[in-house]
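Asker: The structure that follows is given in the form of structure tokens.
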Amino acid sequence: HTHDWLDGVNTFGGAGSPVLGQGVAIHLFTATAHMQRVFVNIDGDLLLAPEAGRLHIRTELGVLEVAPGELVVLPRGIRFAISLPDGLTRGFMVELYNGHFQLPERGVVGANGLADERHFKAPVAAYENRVEDTLVVTKQGGRFWKTVSPHSPFDVVGWHGRYAPFKYDLRDFMSMGSVSFDHPDPSILTVLTHPLDDHGRNAIDVGAFLGRWESTEQTFRPPFFHRNAAVEFNMVLSTGATSGGYPQGAFSFTPLLTPHGLGAHGHHHHSFEAHDAPHRIPDRSIWLQFESAYLVGVLPRWRHGPSHDAEFLTQFQDYTLGPLAQVAHGDGSAHD
């Protein structure tokens, strides 16, 4: 049915409380109509990642057009309205209740790598001289309120400072990885983050898995089976696969400390058929990940609704032990 972006926001789950200013929420969104009203979120920063269809976002500080493969951050308190250059849109969104999105600490990576400050783009002022009633919807404390402004809220003729909406093209991200053997932690693919405490936990990490070379040797290249001290919400914004695999628009959620890894088909391929030659993941492959140390809960409608893939777990059956596993003795020791 016809609906604008605000009506098309569908919450997947979350943790914490906007009233307390601690926590996150994960949403999906769709839209088939331009917004004829203005929205402002007092509860937190919004990060949007369109998967299909561009977003034309008019804010108080100017206009940003955001295409699939790009991210946009709309800070709390900034009024905006979304139009649809392509007639529809679909995508994913995370809401951060505490603080603001920031670049990760680069540490030994140094000043150059990952997401570079120079690639983030803020709007220029775009004054709208329109004197007519405009509906303004405000979200505060998880509740929605409305009022009518006698003129357009987009009336800023000039601005300066650091508090502004911005967008980022994921194709500008410099991916990091091993050039010898084994797996670095995927945190080296963090685009934006916000720390939760001083113990290394983060309220939110936004990671990007993009086109890149894989060249490790004597290594099972896909992620090994593991458990995380964080939840994972993975999204396919674009796929480089010609057949099989996860389709564009698919998403998955892995709860805290839940074992997960590669399906049996991929495991067999990388155990018996793959070799050490460098492999190129195509540039059109764009996966995004929201990771949080918060214990994110999932709304019941997603666990039993029509978008739930009841056959998903069947791919994790009938594994064949690879050559490395076959050399292990039953007592846990191993030989060359």
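Where a number appears in this text, it was derived from the coordinates with a stated rule and is not lab data. Since this is a predicted model, take the numbers as computed values, not measurements. All Cβ positions, glycine included, derive from the backbone under ideal geometry; neighbour counts span all protein chains shown.
Asker: Which residues in segment 189-212 place their backbone N less than 19 Å from a point set 7 Å from the Cα of His100 along the Cα-to-Cβ direction?
Answerer: 191-197, 203-206
Asker: Just name one of Gly249, Gln315, Val19: the one whose Cα is farthest towards the positive end of the charge dipole of the chain (beta-carbon charges, Lys/Arg +1, Asp/Glu -1).
Answerer: Among Gly249, Gln315, Val19, the one farthest towards the positive end of the dipole of the chain is Val19.
Asker: For segment 148-255, which chymotrypsin sites (Phe, Trp or Tyr not before Pro) are both in a DSSP coil and crowded by at most 14 other Cβ atoms within 10 Å?
Answerer: Trp159, Tyr163, Phe181, Phe224, Phe225
Asker: If you add up the charges near Ala293, with Lys and Arg at +1 and Asp and Glu at -1, over every other residue whose beta carbon is less than 10 angstrom from its beta carbon, what do you get?
Answerer: -2
Asker: Follow-up. In percent, what relative contact order does segment 9-307 have, based on Cα pairs under 8 Å that are 6 or more apart in sequence?
Answerer: Relative contact order, segment 9-307: 19 percent.
Asker: Another question about this same structure. Using θ = phi - 60° and the Karplus form 6.51 cos²θ - 1.76 cosθ + 1.60, what ³J(HN,Hα) does each residue of segment 247-263 get, whole Hz, x for Gly and Pro?
Answerer: Ordered by residue, 3J(HN,Hα) equals x, 4, x, 6, 8, 9, 10, 10, x, 4, 6, 9, x, 7, x, 6, x Hz.
Asker: Which percentage, to the nearest 5, of the DSSP beta bridges contained in the chain is antiparallel?
Answerer: Expressed as a percentage, antiparallel bridges in the chain total about 95.
Asker: Grab the Cα-Cα distance for Leu321 and Thr2, subtract it from 0.36 nm times how many residues apart they are, and report the gain in nm with one decimal.
Answerer: 109.7 nm
Asker: What Kirkwood radius, in Å to one decimal, follows from the Cα pairs of segment 1-137?
Answerer: After inverting the mean inverse Cα-Cα distance, the result is 16.1 Å.
Asker: May I ask for the net charge around Pro165, where only other residues with Cβ less than 14 Å from the Cβ of Pro165 are counted and Lys, Arg are +1 while Asp, Glu are -1?
Answerer: Residues close to Pro165 contribute a combined charge of +2.
Asker: Work out, step by step, the length gained on full extension between Glu117 and Val179: first 0.36 nm times the residue separation, then minus their alpha carbon distance; give nm to one decimal. The partial results should precede the final answer.
Answerer: Values: separation 62, 0.36 × 62 = 22.32 nm, distance 2.54 nm.
Extra length from Glu117 to Val179 when fully extended: 19.8 nm.
Asker: If you don't mind, another one. How far is the Cα center of segment 191-232 from the Cα center of segment 258-303, in Å?
Answerer: Cα centroid to Cα centroid, the span is 11 Å.
Asker: Which residue, Ala115, Ala274, Ala230, has the most motion in a Gaussian network model of the chain that connects Cα atoms within less than 10 Å?
Answerer: Ala274
Asker: With labels modelled as points extended 7 Å from the Cα through the Cβ direction, what inter-label distance (nm, one decimal) is found for Arg201 paired with Thr314?
Answerer: About 3.9 nm separates the two model spin labels.
Asker: Rounding to the nearest 20 debye, state how big the charge dipole of the chain is about its Cα centre with +1 on each Lys and Arg Cβ and -1 on each Asp and Glu Cβ.
Answerer: Rounded to the nearest 20 debye, it is 960 debye.
Asker: Counting only residues 5 or more places away or on other chains, whose amide H sits under 5 Å from the amide H of Glu70 once H atoms are built in the peptide plane?
Answerer: So Glu70 has HN proximity to Leu170.
Asker: If you don't mind, another one. I'd like the Karplus ³J(HN,Hα) series for segment 18-29: coefficients 6.51, -1.76, 1.60, θ = phi - 60°, whole numbers in Hz, and an x wherever there's a Gly or Pro.
Answerer: Calculated HN-Hα couplings, in order: x, 5, 7, x, 9, x, 9, 9, 10, 10, 10, 9 Hz.
Asker: Counting Lys and Arg as +1 and Asp and Glu as -1, what is the net charge of the other residues whose Cβ lies under 13 Å from the Cβ of Leu96?
Answerer: -4
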